[in-house]
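One structure is given below, encoded as structure tokens.
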Amino acid sequence: MKKIKQLIRKPMPPKHIVRYRRHFRTKGHGVHSPFVFHLLTKVIGEKASYYRFKEIELLRKRLLQNNDILVYPNPRRPRKTRKTTVGELVRKEAITPKTGALLFRLTHHFRSERILQVGSSMGISTLYLTSYAPALSCVSLEPEPALATIAQWVYQEAARTPIDQRTGDFSTQLEAVLQSYDSFDFLFFSGKDEQYDTLEVFNRCKQHLAPTGVCVIDAIHKSKKHLAAWKAICDLPEVTVTLDLYSVGIVFLNPQWYKRNYKIYY
């Protein structure tokens, strides 16, 4: 496991170090909400490793060692393409083991059964989201066929439940999914690459999130655009409780709670 972490570890830019240190160093101290306190101390702060973590990370290691060449569109420059290896793409764009473990703990804690993932993260995040129990319902949207192919291979190798993968234009696929499913109790937005507008997608999905559901948004501090989208989501009237863990943001829409935004050292 340590060798895998060394392969994917990337230095944090200085400006991100400054932002990260501004987060409150807390393990529940000063948090008055019983729900948030329990979530911080018993779920987010949990250190135990589950057997599935090792299986998923061994699969990641196989991907990291894959030197097959991929050519796919550059989301930042529509007329340009990117060329890289499968291993390099996974190293840069897939979620980290720490974030993956958090996704597992959250779906396990909330017993999430209907999961929507926007952006496949090469399938690694999907495995963490769906590993706590078999026979879950999970939809994964991935606009880029090359990345969808990697994710499909990952699902065939290690998924515990069938994954409903949709490939193609985000807007079209998202609309079809929202029409097909009444509601979801867990949303995950993979934010490693700028393939979609986070705020726009959240606004389209929020009415389909169950009142007791959870939304996790990855890489909220990756860029000014990501951070602006996160702040806009926090300010939405439907949003009640948010947790800024720096690497990810967690959103709740439960109308029974008071509105509060937490910054947590994670």
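Accessible surface for segment 119-187, divided over its residues, is 35 Å² per residue with a 1.4 Å probe.
Test of the criteria: in segment 151-213, which chymotrypsin sites (Phe, Trp or Tyr not before Pro) are in a DSSP loop and have at most 16 other Cβ atoms within 10 angstrom of their Cβ? Sparse-neighbourhood loop chymotrypsin sites (Phe, Trp or Tyr not before Pro): Tyr181. If you count Lys pairs in segment 76-206 whose Cα atoms are under 22 Å apart, skipping same-chain pairs closer than 8 places in sequence, the total is 7. For segment 50-137, the relative contact order comes to 27 percent (Cα pairs under 8 Å, sequence separation of at least 6).
The phi torsions of segment 98-105, fed into the Karplus equation with coefficients 6.51, -1.76 and 1.60 and a -60° offset, translate into couplings of 5, 5, x, 4, 5, 4, 4, 5 Hz, rounded to whole numbers, with Gly and Pro shown as x.
Taking 8 Å as the Cα distance limit and 6 or more residues as the minimum spacing, I'd like the relative contact order of segment 161-249 as a percentage. Computed value for segment 161-249: 27 percent relative contact order.
Amide H contacts under 5 Å for Phe184: Leu209, Ala210, restricted to partners 5 or more places along the chain or on a different chain, H placed in the peptide plane at 1.01 Å from N.
Full extension of the chain between Lys54 and Asp197 gives 48.2 nm of extra length, using 0.36 nm per residue less the Cα-Cα distance. Counting only DSSP beta bridges whose two residues both lie in the chain, roughly 40 percent are antiparallel.
Length available on full extension from Lys47 to Val71: 0.36 nm per residue minus the Cα-Cα distance, which gives 4.8 nm. Computed in the context of the full set of protein chains, the accessible area of the chain at 1.4 Å probe radius has 52% of its extent on carbon or sulfur. Taking amide H as placed 1.01 Å from N in the peptide plane, Cys138 has its amide H under 5 Å from the amide H of Ile115, Asp164, each at least 5 places away in sequence or on another chain.
Working from label points 7 Å from Cα in the Cα-to-Cβ sense, the Glu175 to Ala228 distance is 2.6 nm. Calculated [222 nm] ellipticity per residue, helices only, for the chain: -12000 deg cm²/dmol; basis is -39500 (n - 2.57) per DSSP H run with n ≥ 4, divided by all residues, nearest 500. Accessible surface for Phe104 stands near 10 Å², nearest 10, in the context of the full protein assembly shown (1.4 Å probe). Dividing the convex hull volume of the alpha-carbon atoms in the chain by its residue count gives 125 Å³ per residue. The dipole here belongs to the chain: it is taken about the Cα centre, uses +1 on the Cβ of Lys and Arg and -1 on the Cβ of Asp and Glu, and is about 1600 debye. In whole angstrom, segment 50-119 maps to an equivalent ellipsoid with semi-axes of 28, 17, 8, each derived as √(5λ) from the alpha carbon gyration tensor and ordered largest first. Work from the charge dipole of the chain (Cβ charges, +1 for Lys and Arg, -1 for Asp and Glu, about the Cα centre) and give the residue of Ile56, Ser223, Pro237 farthest towards its positive end. Of the listed residues, the answer is Ser223.
Computed on the chain, with alpha-carbon pairs under 8 angstrom and 6+ residues apart, the relative contact order is 15 percent.
The values are calculated or read from the model by the stated rules, or taken from the named source; none is laboratory data. Here the structure is a predicted model, which is why all the values come from computation and not from measurement. Cβ atoms come from the backbone with ideal geometry, glycine included; neighbour counts cover every protein chain shown. Each accessible area value is taken on the protein alone, full model and side chains, heavy atoms only, with ligands, DNA and RNA left out. Shrake-Rupley method; radii C 1.70, N 1.55, O 1.52, S 1.80 Å.
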